[in-house]
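Notes follow the structure.
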Amino acid sequence: NKLDEAEEMFQRALQLRRQTQCLVGEAYNLYHLAEIRLRQNKLGEAEELLEHSLQLYKQAAESPSEAIVLEKLTDVRLLRGEALTPASTEPLPPLLIGSP
């Protein structure tokens, strides 16, 4: 099926990214493998893949991508019915709604 084909392609790409030590590419492929696990309703595996992806994006100092993974990770945890805990102890910036 199409999902299996997509998984195979992302797995092959992941191996190439690891061989070339491309952290951002590896994180990208892990994120998309997590998306496949979500479609298969394998929430635990999806969460593990997203955690690994998040760590790689942090290592690569890729903040915009890190934020996207963190949002998806939050979705997975909500689907699992888990309590959400902050990823760090840093205070969140104030919301600037309607500010110029």
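The values are calculated or read from the model by the stated rules, or taken from the named source; none is laboratory data. Here the structure is a predicted model, which means the values were calculated and not measured. FYI the Cβ positions are ideal-geometry reconstructions off the backbone, even for glycines, and counts take in every protein chain you see. Note: areas computed on protein heavy atoms with side chains; ligands, DNA, RNA excluded. Shrake-Rupley method; radii C 1.70, N 1.55, O 1.52, S 1.80 Å.
Kindly provide the set of residues from segment 12-42 that are more than 18 Å from SER63 (Cβ to Cβ) and within 11 Å of the chain's Cα centre (by Cα), ordered by number. Answer for segment 12-42, where residues must be more than 18 Å from SER63 (Cβ to Cβ) and within 11 Å of the chain's Cα centre (by Cα): ASN29, HIS32, LEU33, ALA34, GLU35. Counting the residues of segment 70-83 that are more than 9 Å from the chain's Cα centre (by Cα) and either open to solvent by 20 Å² or more (accessible area, probe 1.4 Å) or among the basic types (Lys, Arg) (or both) gives 9.
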